[in-house]
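Report on one structure; see the data block that follows.
The values are calculated or read from the model by the stated rules, or taken from the named source; none is laboratory data. Quantities reported herein were computed from a predicted structural model and do not represent experimental measurements. For neighbour counting, all protein chains shown are included, and Cβ atoms are generated from backbone atoms with ideal geometry for every residue, glycine included.
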């Protein structure tokens with residue numbers, strides 16, 4: 001296995017084995033991001049960095065030096081990855097023309113090292129300022145759900161999405177333990193909804209319990225967590241039952257770890273994280289813009 005993939009997977013599996021889903025963010029309410037560009041990390045990099053208690057801002061060593069800073073003696077780096085592609089030409093042995101070639105595009109993973117801003121000294125003061133936390137505002141997440149225009153039916157005792165009818169079904173709101181639990185479930189099903197052939201076109205006709213079914217569930221779980229975080233919905237560590245709705249048990253996480261170990265890990269995790277980011281971005285694109293208050 002590619003050593004970069006192996007390193008990424010090892011970290012994610014360890015997190016699952018420790019009973020922590022790496023797509024949850026128990027410490028930071030602001031997404032891990034590059035402190036210079038302010039761009040949030042996505043895909044597998046979000047899984048690698050969002051749970052880092054020294055975040056959420058990160059910089060490469062070159063960026064730190066360019067900005068006039070330096071690393072502390074005990075600074076620790078984190079690995080992030082980037083998918084790249086190349087074209088490989090090979091001779092076509094089935095062609096009469098000896099010079100005939102075919103081109104094949106293949107993708108590979110590159111890696112970089114980044115450091116938490118908190119592990120540096122000498123940067124301009126603005127880099128050490130604590131980012132403003134994303135505050136949960138009742139009603140905003142509901143407005144996002146409505147803005148998608150998804151067909152939603154309420155009732156019954158299970159939540160599901162049918163790619164055949166293109167309809168989401170969830171229990172009535174007052175049957176959920178709390179409002180945030182309701183919203184997390186809704187975003188999970190909306191993430192499945194993005195996979196319809198008219199949207200992001202993922203394969204949704206997967207047999208229950210199959211690896212493909214498990215992968216789609218993982219995509220929806222990660223996507224929902226990304227959306228909740230963007231909406232300021234507390235993922236873990238809350239002080240009330242309503243704030244702790246998304247806390248995963250060690251057994252649940254270990255089951256995911258065992259399932260992933262039995263699959264093609266390098267494709268499974270990188271692909272699931274990437275598709276989850278795309279699903280979350282698709283839904284968040286519907287987020288209504290805030291209007292200036294009129295006095």
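How many of the residues making up segment 75-84 are farther than 20 Å from residue 30 by Cα and surrounded by fewer than 18 Cβ atoms within 10 Å (Cβ to Cβ)?
Counting residues in segment 75-84 that are farther than 20 Å from residue 30 by Cα and surrounded by fewer than 18 Cβ atoms within 10 Å (Cβ to Cβ) gives 5.
So if I check each of 149, 139, which one is at pLDDT below 95 and on the phi > 0 side of the Ramachandran plot?
Just one listed residue meets the conditions, 139.
Mind listing whichever residues of segment 153-166 are under 24 Å from the mean Cα position of the chain (by Cα) and either part of a strand (DSSP E or B) or within 22 Å of residue 230 (Cα to Cα) (or both)?
Correct list: 160, 161, 162.
Out of the residues in segment 167-200 meeting the condition of being over 27 Å from residue 289 (Cα atoms) and in a loop (DSSP other than H, G, I, E, B), tell me which one is modelled with the highest pLDDT.
197
Looking only at segment 46-74, how many residues end up being over 14 Å from residue 117 (Cα atoms) and surrounded by fewer than 23 Cβ atoms within 10 Å (Cβ to Cβ)?
1
Checking the condition surrounded by fewer than 20 Cβ atoms within 10 Å (Cβ to Cβ), in the same structural domain as residue 74 (by TED's automatic domain parsing) and over 20 Å from residue 222 (Cα atoms), which residue from 155, 122, 149 passes?
122
Across segment 45-60, what is the total count of residues that are within 23 Å of residue 110 (Cβ to Cβ) and out of contact with any strand residue (DSSP E or B) (no Cβ under 7 Å at 6 or more places or on another chain)?
So the answer is 4.
Kindly indicate whether any position in segment 250-273 is in contact with a helix residue (DSSP H, G or I) (Cβ under 6 Å, 6 or more places away or on another chain), modelled with pLDDT of 75 or more and buried (at least 16 other Cβ atoms within 10 Å of the Cβ).
For segment 250-273, residues in contact with a helix residue (DSSP H, G or I) (Cβ under 6 Å, 6 or more places away or on another chain), modelled with pLDDT of 75 or more and buried (at least 16 other Cβ atoms within 10 Å of the Cβ): present.
Looking only at segment 209-221, decide whether some residue is under 21 Å from residue 142 (Cα atoms), assigned by TED's automatic domain parsing to the domain that holds residue 275 and modelled with pLDDT of 80 or more.
Taking every residue of segment 209-221 in turn, at least one turns out to be under 21 Å from residue 142 (Cα atoms), assigned by TED's automatic domain parsing to the domain that holds residue 275 and modelled with pLDDT of 80 or more.
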